[in-house]
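Below is one structure, written out as C-alpha cells, with a few remarks after it.
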C-alpha cells in the first residue's frame, strides 16, 4: 500500500474499509449491487485531536493500524489512488476489533 497523503483534522480519523468476503458459506456469490457497505475498517491516520472546553487535548481511543467497526452509513467517502477511504469522527467508530 502506498503512503496516504491525507491528514485528517480535529477528532477525525481516516479509515480504509475492509471488503467482505466475495463468496459466502455454501458457495453463493453476492453481486456488488446487493452488498452492503463494509462495516469493518482499518485506521490509517488520526487527526490533530479533540480539545475540550478548558482547552485540554483529549487523546484518541483508537490508534493507527486498529481494526474497527464503523457505522454502516458513517463518514465521508473519498478516493485516493483508486483506493476507497472514509473520513469520520472518532465518535462514529462503534468499536475496536480484537
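If we sort 57-64, 90-97 on the protection proxy, mean other Cβ atoms within 10 Å, highest first, what's the order?
90-97, 57-64
Could you order peptides 66-76, 7-17 by the average number of other Cβ atoms within 10 Å of their residues, highest first?
Order by mean packing, descending: 7-17, 66-76.
Read-outs throughout are calculated quantities, based only on the coordinates presented, and are distinct from any laboratory measurement. These figures come from a predicted structure and were not determined experimentally. Please note: Cβ atoms are built from the backbone with ideal geometry, for glycine as well, and neighbour counts cover all protein chains shown.
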